[in-house]
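Read-outs throughout are calculated quantities, based only on the coordinates presented, and are distinct from any laboratory measurement. This is a predicted model, so every value here is computed, not measured. In this analysis, Cβ positions are derived from the backbone assuming ideal geometry, glycine residues included, and neighbour counts consider all displayed protein chains.
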Amino acid sequence: MKITRSASDVCLLCQLQASTKQRSHIVPKFLTKKIFIGGGFQIGSHTKHAARKVQDSAKEDFILCPGCEERFSILETLVANKFYNRFRDPASKNNFPITHYGLYLQGQIDTMELRSMTSGLMRLFVYSIFWRASISTCEIYKEFKLELKIEEMLRQDLDTYLGYKMQEMLTLADTYSAHIRLPYNLLTTLTITPDSGNLINSLQVDGKYLLCANNLAMILYTEQPLPYGGGYNANSRFAEVGLLPVDKWKEFISSLLHFLAHERYKARGLEGLSEL
Ligand SMILES: [Zn+2]
């Protein structure tokens, strides 16, 4: 059970300073801002409410101190500038080569390498979102909880390797690239259409945890044997991202929605299904 917090509590990341920061985003704003312009919605697997139209993604008070909030902010700026705002731009193609064709899901997904950044930086970014969702008490993430030992491992890594200034962040993230941790997938689609994203959710099934924010899905693997090799970001030099054709991306999102509807059906009864 997650507990509501106050400003006098200690920061959940550094565990040193007071958690005075308010309105911390759980999922970085740059990933979600376009969702809400068109009246997007967010939905979680265990939320009591139906998919709701909202103006902004989940925010939380009193989880971080200002210093740790700043560390996340620097990390997010770097990832937005080096990856998310660039990879669809044809002028940046050389920084995002396709290195494997048809890697997983019956050979339908190509894999792109992110040569514009170290694998450590991307790993810290992905872990930071899983960690924040796990400690969040917001309705959408209320039931999303990593195993405690996993949550603590991510916290220690984030606290150790996130710098307070941009250059420090880059240097530390570079060091972190050499550390092998839990594998993860990043999935996205090259073609953005108005109805290809529009979803923030969280799932946890058999040692796999999934978070989805607009056109980026992240899956974290925690159960042995851990997947290893291309596309799973186990020990690759550069971060790898699976690219789904837009029709497959829509199928993927649609199957998530069906799964979520089924979970709600189990939790609430038949009306859970009719709301979708
Ligand atoms: Zn802190």
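Below are the figures for this structure:
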{"read-out": "Highest to lowest packing among 122-128, 242-248, scored as the average C-beta count within 10 Å", "value": "122-128, 242-248"}
{"read-out": "Estimated FRET transfer efficiency (Arg88, Ser6; beta-carbon r; R0 35 Å; 0.05)", "value": "0.25"}
{"read-out": "When each of Lys29/Lys248; Lys21/Lys59; Lys29/Lys82; Lys145/Lys208; Lys59/Lys142 is checked by Cα-Cα distance, pairs over 18 Å", "value": "Lys29/Lys248"}
{"read-out": "Linear extension gain, Lys29 paired with Glu223, 0.36 nm per residue minus alpha-carbon span", "value": "66.9 nm"}
{"read-out": "Ordering of 224-231, 114-121 by packing [mean C-beta count within 10 Å, highest first]", "value": "114-121, 224-231"}
{"read-out": "Peptide ranges 158-170, 16-28 listed from the most packed, as the mean C-beta count within 10 angstrom indicates", "value": "16-28, 158-170"}
